[in-house]
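Working notes, structure below.
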Amino acid sequence: MLKLGIVALSLCVSGCGLPYYWQAVGGQLGLLRQREPIDAVLADAGVDDTVKQSLRAVARIRRFAVDTLALPDNDSYTTYVDLDRSYVVWNVIAAEEFSVDPVRWCFPFAGCVAYRGYFDRDAAERFQAGLAEQGFDTYSGGASAYSTLGYFADPVLSTMLDGGEEYVAALLFHELAHQRLYVKDDSEFNEAFASTIEEYGMELWLADAQGSDALERYRASVARRAQFGDLIAAQQRRLGEIYTAAVEPERTREAKRAAFDLLRDEYQQLKRQWDGASDYDGWFEQPMNNATLAAIATYRQWLPALRARLQAVGLEAFYAETESLATLSVSERAAWLAAWAEGRSAPRALPES
């Protein structure tokens, strides 16, 4: 499930028309207008006690993120917006019929990203339908939160609270990590970096706040997530071989369908190791294509490499090294990450960040 996304909020100069620009700006301005200080919400007798309890937890989690994870200490997540919908944005992902690589859309501040976000679900689905008519594989999914990369003070959203305290903590760690480090034109690095800090932070926070049982459950969930990610990566490699074979399109389509049937079988085999856990049943029940794979791979591609590096050098050095990686080109950065993933010697010395 695509759980998070970064929406381009400024004037689009490439691949983006005025209707998209106005919905993006209008949606963001609408959120800014609705923000209320959390302290005021807590003092409001008309606000549900469950919401208040969640917002008190936000304050504790945010303090932990700053003090323990060295994430930005700013006005983000000090206000609250009660939305009247299930998600704040819907992200559309597309890939060509015979390619595992997602289409990328480019914006002035966010750079080129592997998804396009809409504040209105109908608008997202219309855009998705138009891409499908052009022959693209497509996927559209709701996001509970997104980051403005520090350009605005991001509010806590009601959509963030529905999953409970652990879900809120994971979201805050992830989104604040985007504010700590974001690299234009490299969605895979950005999402893996934020996910690495999210998972590292969750282990520390659960150990501190909830004890060993919660930590063990979380680690088991992360292990299943990693195995699921490995399945997706293997499927993309399998499809890549199919797509590069010089055969007629219909034979390629047949091989593609067979590959997805095989993926479903592989998931069922994997589940037998999970003691009844069914984390990804819903994902496998949807129609699958190149775009649904890309929605997962964008988050998972470099995560093992970054997690291994963080464990090897510690948080402070990890931040310094990833900030240095941010100065490299996409291909140079990929070479470093591949070396970290495989335990090989680094290509050369990292530049000063």
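The values are calculated or read from the model by the stated rules, or taken from the named source; none is laboratory data. Because the structure is a prediction, the values reported are computed rather than measured. Positions of Cβ are backbone-derived with ideal geometry, glycine not excepted, and every protein chain shown enters the neighbour counts.
Quick rundown of the values:
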quantity	calculated
Hey, ILE61 surrounded by 19 or more Cβ atoms within 10 Å (Cβ to Cβ), out of contact with any His (no Cβ under 6 Å at 6 or more places or on another chain), among the hydrophobic types (A, V, I, L, M, F, W, C) and more than 26 Å from ARG33 (Cβ to Cβ) or not	no
Matching entry among ASP101, ASP122 (being under 17 Å from the mean Cα position of the chain (by Cα), surrounded by fewer than 16 Cβ atoms within 10 Å (Cβ to Cβ) and in the same structural domain as LEU29 (by TED's automatic domain parsing))	ASP101
Any hit, the range 208-217, residues being in the same structural domain as ALA65 (by TED's automatic domain parsing), part of a helix (DSSP H, G or I) and of a type in the set (Lys, Arg)	no
Test result for GLU203, within 28 Å of ASP137 (Cβ to Cβ) and either small (Gly, Ala, Ser) or part of a helix (DSSP H, G or I) (or both)	no
Residue within the range 49-69 that is assigned to a loop (DSSP other than H, G, I, E, B), closer than 30 Å to LEU315 by Cα and within 20 Å of the chain's Cα centre (by Cα) present	no
The range 242-284: number of residues that are acidic (Asp, Glu) and either surrounded by 15 or more Cβ atoms within 10 Å (Cβ to Cβ) or farther than 20 Å from GLU97 by Cα (or both)	5
Residue list for the range 151-181, restricted to those being buried (at least 19 other Cβ atoms within 10 Å of the Cβ) and free of Cβ contacts under 8 Å to residues at least 40 places away in the same chain	MET160, ALA170
Qualifying residue in the range 77-85 (condition: in contact with a Lys or Arg (Cβ under 9 Å, 6 or more places away or on another chain), modelled with pLDDT under 95 and under 19 Å from ALA145 (Cα atoms))	yes
Spans of helices (runs of 4 or more DSSP H) in the range 285-335 with at least 3 residues over 22 Å from PHE136 (Cβ atoms)	303-313, 315-325
Failed criterion for ALA234 (all others in (1) in contact (Cβ under 8 Å) with a residue 40 or more places away in the chain; (2) closer than 19 Å to LEU337 by Cα hold)	(1)
Filter result for the condition that a residue is at pLDDT below 95 and under 21 Å from the mean Cα position of the chain (by Cα), over ALA312, ALA326, ALA346, ALA341	ALA341
Total residues in the range 84-98, condition surrounded by 16 or more Cβ atoms within 10 Å (Cβ to Cβ) and either over 26 Å from VAL183 (Cβ atoms) or under 18 Å from the mean Cα position of the chain (by Cα) (or both)	10
Count of the range 70-100 residues which are more than 30 Å from GLU241 (Cβ to Cβ) and in a strand (DSSP E or B)	5
Pairs, first without any contact (Cβ under 8 Å) to a residue 60 or more places away in the chain in the range 268-289, second among the aliphatic types (A, V, I, L, M) and assigned to a helix (DSSP H, G or I), C-beta under 7 Å, six or more apart	LEU270/LEU231
Among (1) closer than 21 Å to TYR118 by Cβ; (2) surrounded by 12 or more Cβ atoms within 10 Å (Cβ to Cβ), the one test that LEU42 misses	(1)
Counted residues, the range 166-186 - those being in a loop (DSSP other than H, G, I, E, B) and either at positive phi or out of contact with any strand residue (DSSP E or B) (no Cβ under 7 Å at 6 or more places or on another chain) (or both)	5
Whichever residue in the range 120-165 is hydroxyl-bearing (Ser, Thr, Tyr) and part of a helix (DSSP H, G or I) and, among such residues, is farthest from SER54 (Cα to Cα)	THR159
